[in-house]
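A short reminder: the numbers here are calculations on the coordinates, not readings from a lab. None of these values were measured; they are calculated from a predicted model. Every residue, glycine among them, receives a Cβ derived from its backbone with ideal geometry; neighbour counts consider all protein chains shown.
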Amino acid sequence: MATKVEWESLELDDKGNNKNSKLPRGKGQNNLPPIDRLKFEAGKKYNVRPLGSPVVFYKYTVKTGGTFKTAICEDPRSCPVMKNHEIRPSERYAINVIDRLDGKIKIMEGPGSLFLPFKAYFDCTGINAGKEKGCDFNITVKGEGKDRRYTSIPTNQNVLTPEEKQLIKTQGLYKLEQIFKATPSAEIEKKLFGEVATASAPTPKKREVEETDLTEGGDVGDELGGDDATDTAAGEESVDEELDI
């Protein structure tokens with residue numbers, strides 16, 4: 001919403017920048033706080049508290065020239081990239097969590113095997129571990145790439161503390177459905193392979209497509225379905241509704 005200003009109160013520097021601007025300091029308007037995610041490393045253990053519910057999406061991962069490119073499709077059954085390039089997207093899940101190591105809210109992304117214990121916990125207890133009354137999980141990571149395996153065990157049933165509730169209301173949860181939204185089918189090929197392939201510039205073949213776990217690192221922005229990661233936190237009302245707090 002636009003805000004009316006009076007000339008006598010408006011302070012501009014010699015470049016025309018508002019000295020009292022609410023924009024974060026930095027280069028332009030895109031200097032937004034980065035998305036914080038849980039980065040898994042083989043041989044390490046993690047302790048997380050889920051927040052809310054997960055999202056599921058279908059992501060292509062292609063390695064070309066030593067660089068991973070990713071794109072999320074709406075429906076792999078009708079996506080032309082799957083047919084044209086003989087590659088399959090992987091089914092991925094993501095959820096907000098509190099990382100018990102530093103107490104920060106992060107995005108945890110991974111395959112269904114990582115989230116299976118969360119579902120098993122719900123089936124056994126009838127409790128969504130991401131609500132106000134939930135549960136911590138210990139996660140052990142082994143192996144790299146296609147050999148990566150996760151072991152997740154529910155450990156500590158708990159109720160969100162007043163401090164944790166305040167953190168959630170202040171920061172908000174990441175809007176996972178927006179962050180992991182699908183790229184339009186017409187743009188996926190260009191995002192993965194660059195310009196549309198011609199006879200003189202063949203596209204990568206199936207052997208050049210690698211299954212990997214990008215939760216190890218990489219650029220979160222490259223995994224977004226959209227162009228950027230703006231407006232990624234939910235408002236207080238939606239957080240209350242999601243977590244029943």
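Some notes on this structure:
- Take the Cα of Lys190, step 7 Å toward its Cβ, do the same at Ala42, and the gap between the two points is 3.8 nm.
- All other residues whose Cβ lies under 11 angstrom from that of Thr151 are scored, Lys and Arg at +1 and Asp and Glu at -1, for a net of +3.
- As a ratio to 2.2 N^0.38 Å, the alpha-carbon radius of gyration computed for region 38-87 takes the value 1.59.
- Table column - 3J(HN,Hα) (Hz), region 76-86, Karplus curve with 6.51, -1.76, 1.60, x for Gly and Pro: x, 5, 10, 6, x, 5, 4, 7, 5, 10, 6
- Each peptide among 106-116, 135-145 gets the average number of other Cβ atoms lying within 10 Å of its residues, and from highest to lowest they stand as 106-116, 135-145.
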